[in-house]
């Protein structure tokens, strides 16, 4: 099996990827997007907002990446990552579903996963240390994909953690334009 791609090479030092089995529209609504629209140049818009220091909200980019699976991308984590909220992940996974989110910034990397609306399982991709709710199927799938002794970077391991939870192996093509999305207003 080929190594997973490293999202940092394409997205830079700060990003959050969330994969869930909810439809795009429902996912964005639960995440707080009030005005969803097509964003054919979503990555460019997100980069411009970051460069200009936009403070009117966080731009969420979403798309269907596999049948029945939605990817949400955030590039602005200055106020925290919307997709890393444990309560949101539990809500996104309610009704026999799954949601898995991973983020990195220059000083941290973490993966949170929720199954069936249950509490979150946390993973440190550097050490593969887990805490929180235990899900034996997830742990078995993760153990089959990676180990502390492999040659992968922590951000490559986030891709494997998402795969272990959702059966979606994200690729570089998955994080390219076009997108659907909108702003989540900050309090």
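Rule-based calculations on the coordinates, nothing more; no lab input. Note that the structure is predicted; figures quoted are calculated from it, not measured. Virtual Cβ from ideal backbone geometry, glycine too; neighbours counted across all protein chains shown.
Of note:
- Helical runs (DSSP H, four residues minimum) scored at -39500 (n - 2.57) apiece and divided by the length of the chain put the mean residue ellipticity at 222 nm at -8000 deg cm²/dmol.
- Distance-filtered residues of the range 1-41 - backbone nitrogen under 15 Å, label point 7 angstrom along residue 78 Cα→Cβ: 14-15
- Cα gyration tensor shape of the chain, rounded if a/c is under 1.5, else prolate or oblate by comparing a/b with b/c: prolate
- Shape category assigned to the range 1-110 from the gyration tensor of Cα positions, a/c cut at 1.5: rounded
- Once the Cα atoms are used to define both axes, helix 154-166 deviates from the longest principal axis of the chain by about 80 degrees.
- Cα centroid separation, the range 42-75 to the range 14-37 (Å): 9
- Angle in degrees between helix 136-145 and the longest Cα principal axis of the chain, rounded to the nearest 10: 90
- Tensor-based shape of the range 127-176 (alpha-carbon gyration tensor, a/c under 1.5 rounded, otherwise prolate or oblate): oblate
- DSSP beta bridges in the chain [antiparallel fraction, %, rounded to 5]: 100
- Nearest-0.05 FRET efficiency for residue 30 and residue 177, computed from C-beta distance (R0 22 Å): 0.40
- Degrees, to the nearest 10: 42-52 long Cα axis against longest axis of the chain: 70
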